[in-house]
Each structure stands twice: as structure tokens, then as C-alpha cells.
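This report concerns only the one structure given below.
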Amino acid sequence: MTSSRFDLRGKVAIVTGGNGGIGLGMARGLADAGADIAVVGRNEAKSKAAVEDLRQRGVKAIAVPTDVTDRAAIEAMIARVVKDLGRIDILVNNAGMSIRKPPHELELDEWNKVIDTNLTSAFLCSKLAYPALKACGNGKVINIGSMMSIFGASFATAYAASKGGIVQYTRACANAWAPDNIQVNAILPGWIDTDLTRGARQQVSGLHERVLARTPAGRWGDIDDFAGIAVFLASPASNFVTGTAIPVDGGFSVMA
Ligand code: NDP
């Protein structure tokens, strides 16, 4: 049956940064397909609102307050999800941030903060969730890259390095965990209207218009644009898809 390929009932997903923006868009898609969701983030008010939104979709949802740069906190988060929701089938490494400065102005602590949040967190969450992902029999890891996984930008020094790293980390894990029937893929969002890019639009003059002119679809992306790809990469429909980096960008990356 076609529909069963996309059926996530009985599965449990962790979405880091699932309390807003692209993470919430993906969490909503996974919940609509039947998955129970653990929302991981620091802002408890935002996480509470996201959990209420997800429960309205008829699934179990819990908020697990966690800073994904803190290894001990991630360990506790994984244990809590297994205890409260029973298993882990899907891990979405989405939490991310940027510090916009040219390379010669970026300080080491700023570099480390971006790399820790965007790249090392994906390593730690994946490594620590691996036993549960293996045990479920058909684990799925979805890592969030960026157009900065492909292109560069003068203000995206550590950010571009972290997002390039996400793609290579995805490929390495896909190789390592294929024998465990765990598929590991990356999504590369184009320019999406979220808190992150609202900040960028304030700091980088002309960005809004440049994105519109450069995007074949002629619009900024919406968080709802990530529901379908999340369900595909989390479901049995993608069981022979691993190690890929799929742009969801309105054609930005193929514009001549
Ligand atoms: P938002 O700023 O809306 O969301 C970022 C999320 O990450 C928040 O939920 C935040 O939760 C969480 N987060 C940040 N730092 C931490 C931390 N240390 N510990 C736990 N959670 C953290 O941004 P987007 O939705 O735009 O971004 C989501 C992902 O998509 C990021 O990886 C980003 O790089 C990527 N992306 C976004 C694009 C865009 O155009 N918007 C384009 C390409 C990639 P909290 O504050 O509660 O901790």
C-alpha cells in the first residue's frame, strides 16, 4: 500500500530545535504522519507551545529542555525520551545558529559556539542515540545543512564551515550505519522565513531582495515546505536513500 510507506505511527522522533522555525515545520509533518515527538530546545515557553501544537495533531509530544552543546544534557535527553516515549526511530539534527562576521573579525569563542551548536551537536546526538536507533531496526537520521553547505558567503564564516561539515558527516555515518539499516541523510534548506533569517535580513542590507531575485520559485521558503521531505526521509519510503544532501530551496542551488 502506498500510504503505509509514509506511515510513522508507532515511531518516535527527536527534533532538536523543534520548538520553532524549520524544526517545528518538520515536527508537524512527522506528527501528522503519526510519529510521537520529543521537542528539544532551550526556550521552555517556545517548547511548551510547540508541544501543545503537536498534541493537537493526535500524537504524544514531550518537551525535553536541553542545550545541544552540553554532552551530559544530551545523554539525559536521550534517556528521558527512551523512558517516556519508549524508543527512538528518528533523529532530526536541526538546532542551529549563526554569528555573522567576516573571517578576520570572528573570534575563537564565536567560531567554537557556531561549530558546537551546528556540527558537534549533530555528532553527539547521533552517537548517543545510535544504540536506540539500531535497536529499533530501521533508524533514520536527518541532518540539516544549508545553501552554505554548497556556497560561501562573506558573513558566514563558521556557519559555512559547520554546514559543509554536516554534509560530510552525513556521508560518513551513512556508510558506517548502513549495515544496521539506519539511513542518514541531509536536507539543505534554501532561504526560509524564520527567526534566524529575520535577524540576517536586519543585519545584511539588500539580502531580502537578493534572495527573491536569485530564487527561481520567486519566494522565500515557508516552514511548511519541510513537512514532506521530513516524512519521506523518516519513513520506509526512503529505505534505499542514504548519504544524500537534498536541497529544499525553490531552485536556488540550480539557478544559472
Ligand atoms: P530558528 O532560529 O527559528 O531555530 C533554531 C532552533 O535551534 C531553535 O528551535 C533553537 O531553540 C534551537 N537551538 C539553537 N541553539 C540551540 C542549543 N544550543 N541547544 C538547543 N537548541 C538550540 O532557525 P531556523 O528554523 O531557520 O533554523 C533551523 C536550522 O535550519 C538551523 O540548523 C539552520 O542553520 C538551518 N537553516 C536555516 C535556513 C533558513 O533560511 N532559515 C537556511 C538553511 C539552513 P532554543 O532557542 O529554544 O534553544
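With respect to the numbered conditions (1) of a type outside the set (Gly, Ala, Ser); (2) out of contact with any helix residue (DSSP H, G or I) (no Cβ under 7 Å at 6 or more places or on another chain); (3) open to solvent by 10 Å² or more (accessible area, probe 1.4 Å), which one is the sole condition not fulfilled by VAL81? Condition not satisfied by VAL81: (3). ALA200 fulfils the conditions (1) away from the ligand (no atom under 13 Å from the Cβ); (2) modelled with pLDDT under 95; (3) open to solvent by less than 70 Å² (accessible area, probe 1.4 Å) except for a single criterion, (1). Within the stretch 93-119, residues that are among the charged types (D, E, K, R) have Cβ atoms under 6 Å from residues that are open to solvent by 70 Å² or more (accessible area, probe 1.4 Å) and more than 9 Å from the ligand (Cβ to nearest atom) in these pairs: ARG100/GLN203, counting only partners at least 6 apart in sequence or on another chain. Listed by position, the strands (runs of 3 or more DSSP E) inside the stretch 13-117 whose residues that are near the ligand (Cβ under 10 Å from one of its atoms) and polar (S, T, N, Q) number at least 1 are 90-93.
Of the residues ALA95, ALA45, ALA61, ALA76, the single one that is modelled with pLDDT of 95 or more and open to solvent by less than 10 Å² (accessible area, probe 1.4 Å) is ALA61.
Filtered by the rule that a residue be of a type in the set (S, T, N, Q) and either more than 24 Å from CYS173 (Cα to Cα) or over 20 Å from the mean Cα position of the chain (by Cα) (or both), the stretch 84-111 gives a lone residue, SER98. Of everything in the stretch 106-122 that is closer than 16 Å to ILE74 by Cβ and not hydrophobic (A, V, I, L, M, F, W, C), the residue that is surrounded by the most Cβ atoms within 10 Å (Cβ to Cβ) is ASN118. For the stretch 125-151, a tally of residues being open to solvent by 20 Å² or more (accessible area, probe 1.4 Å) and either within 19 Å of THR66 (Cα to Cα) or of a type outside the set (Gly, Ala, Ser) (or both) returns 11.
Scanning the stretch 157-197 for residues that are in a loop (DSSP other than H, G, I, E, B) and more than 8 Å from the ligand (Cβ to nearest atom) returns ASN181, ILE182. In the stretch 26-83, of all residues being under 17 Å from the mean Cα position of the chain (by Cα) and of a type in the set (Asp, Glu), the one that is nearest to ALA234 (Cα to Cα) corresponds to ASP36.
Being more than 23 Å from THR194 (Cβ to Cβ) and either in contact (Cβ under 8 Å) with a residue 40 or more places away in the chain or among the small types (Gly, Ala, Ser) (or both): is that true of ALA79 here?
Numbers: more than 23 Å from THR194 (Cβ to Cβ): yes; either in contact (Cβ under 8 Å) with a residue 40 or more places away in the chain or among the small types (Gly, Ala, Ser) (or both): yes.
Yes, satisfied.
The values are calculated or read from the model by the stated rules, or taken from the named source; none is laboratory data. The model shown is predicted, which means the values in this text are computed figures rather than measured ones. Cβ: placed from backbone, ideal geometry, glycine included. Neighbour counts: every protein chain shown. Ligands, DNA and RNA are stripped out before the accessible areas are found, and what is left, the full protein with its side chains, is counted by its heavy atoms. Shrake-Rupley method; radii C 1.70, N 1.55, O 1.52, S 1.80 Å.
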